[in-house]
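Input: a single structure, listed below in structure tokens.
The values are calculated or read from the model by the stated rules, or taken from the named source; none is laboratory data. All figures in this text were calculated on a predicted structure; none of them were measured in a lab. Cβ sites come from the backbone with ideal geometry, for glycine too, and all protein chains shown count toward neighbours.
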Amino acid sequence: MPEFTKPYESRWQAFLLLLPTFAVLIAFLYYPGVETFRLSLQQTILLGTRKTFVGLENYATLATSSAYHWSFAISVAFAAVVVVGTLVASLFVAYLLFQVDVGSSTYLIAAIWPYALPTAVAASVLLFLLHPSLGIITYVLESLTGTSLDWFTNGPQAFAIVAVVAIWKQLGYNIIFMVASLNNIPETLTESAKLDGVGHLKMLYRVYVPLMSPTLVFLVVMNTIYAFFQTFPLVDLMTSGGPNEATNLLIFKLYRDAFEFSNLGLASAESVVLFAIVAILMYVQLRLSESYTTYA
Amino acid sequence: MATRSTSESTLARLLPGDIDAEQALVHGGLVVSIFLMGLPLLLALIMSTQNTTEVYQITNVGIGSQGLSNYETVLGEYNFGQYMINSVVMSVIIVVGKVTLSLFAALALVYYRFPYERAVFMFILLTLLLPVPVRIVPLFDLMARLGWGNTLMAITGPYIASATAVFLFRQHFMSIPASLVENAHLDGVGPLKFLWEVLIPMSRGMIAGVSVITFIYAWNQYLWPLIIMSDQSKQVVQVGLRFLQAASQSGLTRWGIIMAGAVIALLPPLAVLIVMHRPLLKTLAIQQK
């Protein structure tokens with residue numbers, strides 16, 4: 001809180017200033033948020049015209065559905081791959097940006113631009129360049145490795161390709177935060193470590209990474225949320241959840257259950273599961289950032 | 001730090017025979033990584049000039065025969081001109097609406113004394129737990145009941161209030177010196193005049209930063225417009241890329257056209273990022289806290 005005494009006292013003015021924000025948040029966030037819970041206890045039949053209360057039946061359906069278990073498992077695996085892949089690749093580039101002597105601001109813009117890359121654009125471009133029969137990158141990869149890329153029919157390959165595109169799009173965001181974090185490290189520390197003759201890789205893992213940990217925790221949380229919630233265009237444009245459900249992530253399954261199969265009660269229960277995931281992640285971030293503040 | 005190391009390397013270059021091998025590696029590493037990150041875009045740009053026959057010759061990675069005519073086709077025949085206008089209108093409304101509403105809310109939170117301040121702030125922050133997929137079915141229902149399907153209200157309304165923007169403006173206002181605020185109040189300046197004449201001029205960088213973040217975020221929307229806009233002519237450009245997947249000619253997918261569409265759909269946010277990277281970076285640095 002600010003140190004000064006607050007200049008304005010009028011309660012109704014404060015109320016009026018907060019009103020537009022509150023109106024939007026209540027109408028379009030809280031109200032539908034609460035409705036999701038209510039709908040998850042109902043079943044809709046006859047194309048949504050009749051609703052009946054079914055208690056926890058939708059949750060029971062999810063708990064026993066092998067298709068949902070599968071979707072949940074691959075979403076977790078997908079998030080893990082995207083988080084680790086993004087962090088490793090971004091850390092490599094960010095560390096170089098931190099080390100470079102001249103041209104750092106030009107390099108920085110050239111490295112963070114994927115922050116502006118729309119997910120649907122990333123999906124469209126790589127769908128073509130990695131196309132099993134037409135893609136130039138596929139062609140080069142196949143001639144270099146002698147393997148054949150066949151991700152329209154091969155599930156694990158499709159999963160890997162979608163993950164690579166997800167990582168590509170997320171690099172810019174991660175590099176921005178990592179470079180800022182590296183630049184906050186006291187220079188004396190770097191210099192004394194250099195005098196002790198510590199090598200680069202060792203410096204990175206022993207000195208920089210521990211000092212960057214608040215930023216890294218933040219990025220793990222943000223990347224996980226991204227992998228669960230913002231990857232819909234990738235699946236929709238590149239694989240439609242296939243082949244053999246290999247890329248049927250929770251967000252895509254939710255879309256289909258709700259808007260293709262009109263199973264609104266079940267889809268709402270799936271939304272509640274997603275809510276639980278985001279709540280847990282935010283809680284982790286909050287607790288860890290608190291513990292860092294106390295420590296510092 | 002930048003100036004110190006620059007002078008150091010200048011010194012290194014002046015010393016004969018002392019080539020900085022380590023820096024050469026760093027530059028090399030950066031050039032290679034940046035090249036790899038940009039390669040798909042470069043290839044998309046090249047392919048966007050090719051006709052379908054050239055595209056189907058896989059190893060043909062030269063500039064194609066179409067020049068810019070694929071862009072003309074995609075803007076006209078495939079309606080991307082309309083989709084781009086729709087996306088710009090949507091994004092600008094979201095940016096202006098969100099910045100205005102959040103400035104008002106932050107003004108109340110920082111400069112007004114009222115009961116349950118902490119609870120009010122928490123109420124705003126907790127909406128971070130409610131991304132669109134968590135409330136998508138009831139939100140769709142609500143829009144149907146309001147009769148907002150296929151309207152601009154449906155794709156802008158749910159986005160014009162935000163926890164992040166209120167949080168950022170609140171942080172920024174709290175960092176403005178108390179003496180300035182007290183002076184303003186002693187002169188009997190009303191709250192809106194105070195916002196307009198004191199706070200906004202002192203928050204230009206932050207307003208620019210929040211606007212860039214919001215614009216890039218709004219431009220990237222895909223799932224919600226896909227669901228709520230059934231009228232194709234009112235659709236945004238990201239979903240336009242979905243329609244483009246059907247672009248074909250005598251059974252062959254027109255990938256040159258699709259690449260042109262992808263490039264067009266990328267340009268506005270990319271331009272905004274390049275021009276406004278400074279306020280963006282500053283604002284993001286505060287967001288993490």
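Check B:GLY188, B:GLY157, B:GLY149 and return the single one that is assigned by TED's automatic domain parsing to the domain that holds B:ALA108, closer than 23 Å to A:ARG38 by Cβ, free of Cβ contacts under 8 Å to residues at least 12 places away in the same chain and of a type outside the set (Lys, Arg).
Working: B:GLY188 fails: closer than 23 Å to A:ARG38 by Cβ; B:GLY149 fails: free of Cβ contacts under 8 Å to residues at least 12 places away in the same chain.
None of the other options fit; the residue is B:GLY157.
Say whether the condition of being over 30 Å from B:VAL236 (Cα atoms) and either assigned to a helix (DSSP H, G or I) or touching a helix residue (DSSP H, G or I) at 6+ places or on another chain (Cβ under 6 Å) (or both) is met by at least one residue in segment A:112-124. Give the steps one after another, and end with the answer.
Here is the first cut: in segment A:112-124, the residues over 30 Å from B:VAL236 (Cα atoms) are none.
No: zero hits.
Could you tell me which residue of segment A:253-265 is nearest to A:ALA163 (Cα to Cα), considering only residues that are buried (at least 19 other Cβ atoms within 10 Å of the Cβ) and touching a residue at least 24 places away in the same chain (Cβ under 8 Å)?
Residues of segment A:253-265 buried (at least 19 other Cβ atoms within 10 Å of the Cβ): A:253-255, A:257-258, A:263-265.
Add one more test, that the residue is touching a residue at least 24 places away in the same chain (Cβ under 8 Å), and what stays is A:253, A:263-265.
Working: A:LYS253: 17, A:ASN263: 28, A:LEU264: 29, A:GLY265: 30 Å.
Going through the qualifying residues, I end up with A:LYS253.
Out of curiosity, is A:PHE37 of a type in the set (A, V, I, L, M, F, W, C) and either surrounded by 17 or more Cβ atoms within 10 Å (Cβ to Cβ) or touching a residue at least 60 places away in the same chain (Cβ under 8 Å) (or both)?
Yes, satisfied.
Does A:VAL209 fit the bill of being within 24 Å of B:ILE258 (Cα to Cα), β-branched (Val, Ile, Thr) and part of a helix (DSSP H, G or I)? If you could, list the steps in order and put the result at the bottom.
Working: within 24 Å of B:ILE258 (Cα to Cα): no; β-branched (Val, Ile, Thr): yes; part of a helix (DSSP H, G or I): yes.
For A:VAL209, the condition - within 24 Å of B:ILE258 (Cα to Cα), β-branched (Val, Ile, Thr) and part of a helix (DSSP H, G or I) - is not met.
Can you name the condition, by its number, that B:LEU192 falls short on among (1) at pLDDT below 95; (2) crowded, with 17+ Cβ neighbours inside 10 Å?
Unmet for B:LEU192, out of (1) at pLDDT below 95; (2) crowded, with 17+ Cβ neighbours inside 10 Å: (2).
Give the residue that is surrounded by the most Cβ atoms within 10 Å (Cβ to Cβ), with candidates limited to residues of segment B:166-185 that are within 9 Å of another protein chain (Cβ to nearest Cβ) and of a type in the set (A, V, I, L, M, F, W, C).
Restricting to residues being within 9 Å of another protein chain (Cβ to nearest Cβ) and of a type in the set (A, V, I, L, M, F, W, C), the top hit is B:VAL166.
Does A:VAL100 satisfy being touching a His at 6+ places or on another chain (Cβ under 8 Å) and either under 30 Å from A:LEU204 (Cβ atoms) or at pLDDT 95 or above (or both)? Lay out the reasoning, then the answer.
Working: touching a His at 6+ places or on another chain (Cβ under 8 Å): yes; either under 30 Å from A:LEU204 (Cβ atoms) or at pLDDT 95 or above (or both): yes.
Yes: the conditions hold for A:VAL100.
Somewhere in segment B:242-262, is a residue within 23 Å of the chain's Cα centre (by Cα), under 23 Å from B:VAL96 (Cα atoms) and within 10 Å of chain A (Cβ to nearest Cβ)? Steps first, answer last, please.
Residues of segment B:242-262 within 23 Å of the chain's Cα centre (by Cα): B:242-244, B:258-262.
Of the ones still in play, those that are also under 23 Å from B:VAL96 (Cα atoms) are none.
No, segment B:242-262 has no match at all.
For segment A:266-283, which positions are within 7 Å of chain B (Cβ to nearest Cβ) and either free of Cβ contacts under 8 Å to residues at least 40 places away in the same chain or among the polar types (S, T, N, Q) (or both)?
Let us first name the residues in segment A:266-283 that are within 7 Å of chain B (Cβ to nearest Cβ), namely A:267-268, A:271, A:274-275, A:278-279, A:282.
A:ALA267, A:SER268, A:SER271, A:ALA279 - these are the residues of segment A:266-283 that are within 7 Å of chain B (Cβ to nearest Cβ) and either free of Cβ contacts under 8 Å to residues at least 40 places away in the same chain or among the polar types (S, T, N, Q) (or both).
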